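Below is one structure, written out as structure tokens; comments come after it.
The values are calculated or read from the model by the stated rules, or taken from the named source; none is laboratory data. Note that the structure is a prediction, hence the values are computed from the model and not measured. Positions of Cβ are generated from backbone atoms using ideal geometry, with glycine treated the same way; all protein chains shown enter the neighbour counts. Accessible surface is based on the protein model in full, side chains and every heavy atom, while ligands, DNA and RNA are left aside. Shrake-Rupley method; radii C 1.70, N 1.55, O 1.52, S 1.80 Å.
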Amino acid sequence: METIIIRAASGKRELEPAINAILRGGLVAFPTETVYGLGADAFNSTAVRRIYEVKGRPSDNPSIVHIASLDQLSDVAIDVPPHLYDVLRKVWPGPFTVILRKSPTVPLETTGGRETVAVRMPAHPVALDLIRGSRPIAAPSANLSGRPSPTRIDHVIHDLMGKVDVIIDGGDTYFGVESTIIDFTGRRPILLRPGPFTLEELRKFFPDIEVPEFARGIREADAALAPGMKYRHYAPLKPVTLVECNDVDYMVKLASKLIDEFRSKGMRIAVICSSETCGSYSGVELINIGSRNDLYGVARQLFDSLRRVDELGVDAAVAEGFPEIGIGLAIMNRLRKASGFNIVRC
Ligand code: AMP
Ligand code: MG
């Protein structure tokens, strides 16, 4: 099919083909402040099914419903805890996704067959204009299933050109990792996926928030609680080994030893390393992910770095770990999953 590309910077009127595509049941890839989303009318089950076909996404992996005003929340969710509204007024629009009981009007295609729904109000003017002009939009990330989420327009074009109606080019996304997801359907809020809205900030609103081990990415997700997270995620096609140590010097030594072992077998290796440590490696392809002193910068580079592994045509990659502080928790969750839990610790 023909895919129209729109430059988001050009203004509201230029979004019309995208708005019309959503209203007609088509698919639109659009920028958000986290990653690019692949959206369809959240109430149109046929349109949502097409998202899954295009991405190759398993139908039991639910999508997030994106809204543009707090009023729309009651169109998609029921039994919203009253105190949650006070929080949502403060944190929305933003990278904060809530799991609630779904309204009967939301089709099961959107929620992966579940009676609960994920809802978020994105903080990107283009995403908000697109929703305001059309409908609440169901959107998973705009990548082929299993691949790193798209944070740059060329990632979206690479994965989806010719497969969707419209791609909106909004440049590089701001945070570069997907939203924080919190489940509010139980007695205590549960962190299902760490994201740019950090655990430290969350604890100010919800001191009793539960943080399961799978939210840190140290083991596979509980399928009943966090559907879809059981699938291989974020991963380059080549194997990634993650090296985790509190002490950076020791980590570099351990990574170097691992690299020597791989190279002695004749393998070509890429290393995802920080600007402080990349200079310590030789005989490898270097993928500089940014400074250890700027974890927000590292998050922005993360998925592009994982895609670079495949572009470089190496046999395998070694990735350095980062502290689980602030957005570092989201970075480590993604890196651990990308490695398929293939982790070497000090
Ligand atoms: P993506 O936008 O591709 O990162 O995928 C959205 C993720 O949100 C899914 O993989 C699920 O893990 C999570 N999610 C969406 N809806 C629900 C739900 N009803 N219950 C629990 N998790 C959900
Ligand atoms: Mg995704």
Out of the residues in the range 238-273 meeting the condition of being within 29 Å of the chain's Cα centre (by Cα) and not hydrophobic (A, V, I, L, M, F, W, C), tell me which one is least open to solvent (accessible area, probe 1.4 Å). 241
It is to be established whether one or more residues within the range 292-308 are open to solvent by 30 Å² or more (accessible area, probe 1.4 Å) and modelled with pLDDT under 95. no
Output the qualifying pairs, or none if there are none: Cβ atoms under 6 angstrom, residues six or more apart or on different chains, first residue in the range 198-218 and on the phi > 0 side of the Ramachandran plot, second residue open to solvent by less than 70 Å² (accessible area, probe 1.4 Å). 217/333; 217/336; 217/337
Only one of (1) surrounded by fewer than 24 Cβ atoms within 10 Å (Cβ to Cβ); (2) closer than 13 Å to residue 69 by Cα; (3) within 16 Å of ligand 2 (Cβ to nearest atom) does not apply to residue 122, and that is (1)
Of the conditions (1) touching a residue at least 40 places away in the same chain (Cβ under 8 Å); (2) away from ligand 2 (no atom under 16 Å from the Cβ); (3) of a type in the set (A, V, I, L, M); (4) over 21 Å from residue 152 (Cα atoms), residue 5 satisfies every one except a single condition; which number is it? (4)
Filter the range 230-252 for residues that are in a loop (DSSP other than H, G, I, E, B), of a type in the set (D, E, K, R) and in contact (Cβ under 8 Å) with a residue 24 or more places away in the chain and give the result. 232, 238, 247
If you scan the range 145-157, which residues turn out to be more than 10 Å from ligand 2 (Cβ to nearest atom), more than 20 Å from residue 95 (Cα to Cα) and touching a helix residue (DSSP H, G or I) at 6+ places or on another chain (Cβ under 8 Å)? 155
Just for the range 36-51: of the residues that are within 12 Å of ligand 2 (Cβ to nearest atom) and out of contact with any helix residue (DSSP H, G or I) (no Cβ under 7 Å at 6 or more places or on another chain), which one is nearest to residue 151 (Cα to Cα)? 37
Any idea which residue in the range 107-119 is surrounded by the fewest Cβ atoms within 10 Å (Cβ to Cβ), counting only those that are part of a loop (DSSP other than H, G, I, E, B) and within 16 Å of ligand 2 (Cβ to nearest atom)? 112
